[in-house]
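The values are calculated or read from the model by the stated rules, or taken from the named source; none is laboratory data. Source: prediction; values computed, not measured. Here the Cβ positions follow ideal geometry from the backbone for every residue, glycine too, while neighbour counts run over all protein chains shown.
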Amino acid sequence: MSKKIQIAFVLFIGIAVIGLVASQSSTRAQQTMAGEWKASVRDEPNKLQLNLERHTAKGNRNQMGQSYEFNELQGLSKEQANAGGPVKFSLVREAGRIDMEGSFQNGKGSGTFQFTGNPGFVAAMKTRGFDFEKDPKWSDNDEGERSEDRLFAATALNVTTALADDLVSSGFGHLNVEDLFKAAIFKVDSKFMREMKASGFPNLTMEDLVKARIFKIDADFVTKVTQMGFDKEPFESLVKMQIFKVTPEFVSEVRNEGLTDLSVEDVVKLRIFKIDAEYIRRAKADGVPLEVEKLVQRKIGVGRN
């Protein structure tokens, strides 16, 4: 079961980082990158869903999209987007700027964009140990294009030197550029790192912290797990509890039916096989021993004639 969770997590991270960080390209940052944009006003107040697409020199298509507050977009308001007509607006960040031109109609817009990277950002990041221009995995032929994509993604995701300084100050250990993207996407910062350390998890990796954000594991959840009677559990046990929706109410209900000596693996099994208090009562009435494995066997039909 843990292997399935690991595979699911790797896929999740792959989709998130590949989809949002696109496919990397050149920090010849004075050059511009062109592409097309589409946007729509969201039902969520003051937000615009903005999707950016461009074609690489090798003929590949890179896409990325996310929601932005209108106050992040210079030259565009919600009223303009809803009213319609020609527009010019920009997303200006420390890593560079994306200048867009096009039109809106009935809250939906499209047009073209030009991206211009900031070479000062690249230099500042390099002094902090984050090299946007090189990666051991890249070939010499790919290096320029990939580093430009990194810079473009850093602009769209708002990766900043302040974020880099914050993560480095946490004493987290060696971090790379991809860790910066993960931290920006999943809102991992030094405060969250310190909270998790104080909660009894001093050696979490960036991958673990991303899992914690994905599955909503924080100091409050750790406290809740302890109150359920599961103290000093490994981090992966907390991940399983969140994935399979193990709640204090559920644990209390099954304990009230006589299952008092439960491990995290036990309650996870009960959740996986949808064994609740009512099912346990019926099983007891049928003479099934009050053991998790016996209840699971009954649920899947093992041992029945």
- Pick out the one residue from Arg61, Arg93, Arg128 that is touching a residue at least 24 places away in the same chain (Cβ under 8 Å), basic (Lys, Arg) and surrounded by fewer than 17 Cβ atoms within 10 Å (Cβ to Cβ). Arg128
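It is to be established whether one or more residues within the range 174-187 are farther than 30 Å from Arg97 by Cα and out of contact with any Ser or Thr (no Cβ under 6 Å at 6 or more places or on another chain). Talk me through it step by step, then tell me what you get.
Taking the range 174-187 first, the residues farther than 30 Å from Arg97 by Cα are none.
For the range 174-187, residues farther than 30 Å from Arg97 by Cα and out of contact with any Ser or Thr (no Cβ under 6 Å at 6 or more places or on another chain): absent.
Please determine, by comparing only the residues of the range 157-166 that are surrounded by fewer than 24 Cβ atoms within 10 Å (Cβ to Cβ) and within 17 Å of the chain's Cα centre (by Cα), which one is nearest to Gln63 (Cα to Cα).
Restricting attention to the range 157-166, the residues satisfying the condition of being surrounded by fewer than 24 Cβ atoms within 10 Å (Cβ to Cβ) are 157-158, 160-166.
Imposing the further condition that a residue be within 17 Å of the chain's Cα centre (by Cα) reduces the set to 157-158, 163.
Numbers: Leu157: 13, Asn158: 17, Leu163: 24 Å.
Looking at residues that are surrounded by fewer than 24 Cβ atoms within 10 Å (Cβ to Cβ) and within 17 Å of the chain's Cα centre (by Cα), I get Leu157.
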- Message: Quick test of your reading of the structure: Ala184 fulfils all but one of (1) at pLDDT 95 or above; (2) touching a Lys or Arg at 6+ places or on another chain (Cβ under 9 Å). Name the failing condition by number.
- Response: (2)
- Among the numbered conditions (1) touching a helix residue (DSSP H, G or I) at 6+ places or on another chain (Cβ under 7 Å); (2) surrounded by 11 or more Cβ atoms within 10 Å (Cβ to Cβ); (3) not aromatic (Phe, Trp, Tyr), tell me where Lys245 comes up short. (2)
- Take the residues of the range 190-232 that are at pLDDT below 95, assigned to a loop (DSSP other than H, G, I, E, B) and charged (D, E, K, R): which is nearest to Leu262 (Cα to Cα)? Asp231
- Contacts under 9 angstrom Cβ, first residue in the range 161-172 being free of Cβ contacts under 8 Å to residues at least 40 places away in the same chain and outside any loop (DSSP other than H, G, I, E, B), partner crowded, with 18+ Cβ neighbours inside 10 Å and among the aromatic types (Phe, Trp, Tyr), 6 or more apart: Ala164/Phe130
- Message: Considering only residues that are in contact with a helix residue (DSSP H, G or I) (Cβ under 6 Å, 6 or more places away or on another chain), hydrophobic (A, V, I, L, M, F, W, C) and not in a strand (DSSP E or B), which ones fall in the range 58-102?
- Response: Phe70, Ala95
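Among the residues that make up the range 244-258, is at least one of them among the acidic types (Asp, Glu), over 24 Å from Ile217 (Cα atoms) and assigned to a helix (DSSP H, G or I)? Step through it out loud before you land on a result.
Applying the first criterion (among the acidic types (Asp, Glu)) to the range 244-258 yields 249, 253, 257.
Among the residues that remain, those that are also over 24 Å from Ile217 (Cα atoms) are: 257.
With assigned to a helix (DSSP H, G or I) added as a condition, the list becomes none.
The answer is no; no qualifying residue exists.
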- Message: Quick check on my filter: what residues within the range 167-193 are crowded, with 24+ Cβ neighbours inside 10 Å and closer than 19 Å to Thr127 by Cβ?
- Response: Leu180, Ala183
- Item | the range 217-235 residues that are free of Cβ contacts under 8 Å to residues at least 12 places away in the same chain, paired with ones that are outside any loop (DSSP other than H, G, I, E, B) (beta carbon under 9 Å, 6 or more apart) | Asp231/Val225; Pro234/Val264
- Task: Would you tally the residues in the range 96-125 being within 26 Å of the chain's Cα centre (by Cα), surrounded by 18 or more Cβ atoms within 10 Å (Cβ to Cβ) and among the small types (Gly, Ala, Ser)?
- Result: 2
- Please enumerate the residues belonging to the range 271-294 that are in contact with a helix residue (DSSP H, G or I) (Cβ under 6 Å, 6 or more places away or on another chain) and in a helix (DSSP H, G or I). Ala277, Ala283, Val292
- Message: Considering only the range 238-251, I want to know if a residue exists there that is over 30 Å from Glu207 (Cβ atoms) and at pLDDT 95 or above.
- Response: yes
- Inspect the range 272-280 for any residue being within 22 Å of Ala212 (Cα to Cα), surrounded by fewer than 17 Cβ atoms within 10 Å (Cβ to Cβ) and modelled with pLDDT of 95 or more and give the result as yes or no. yes
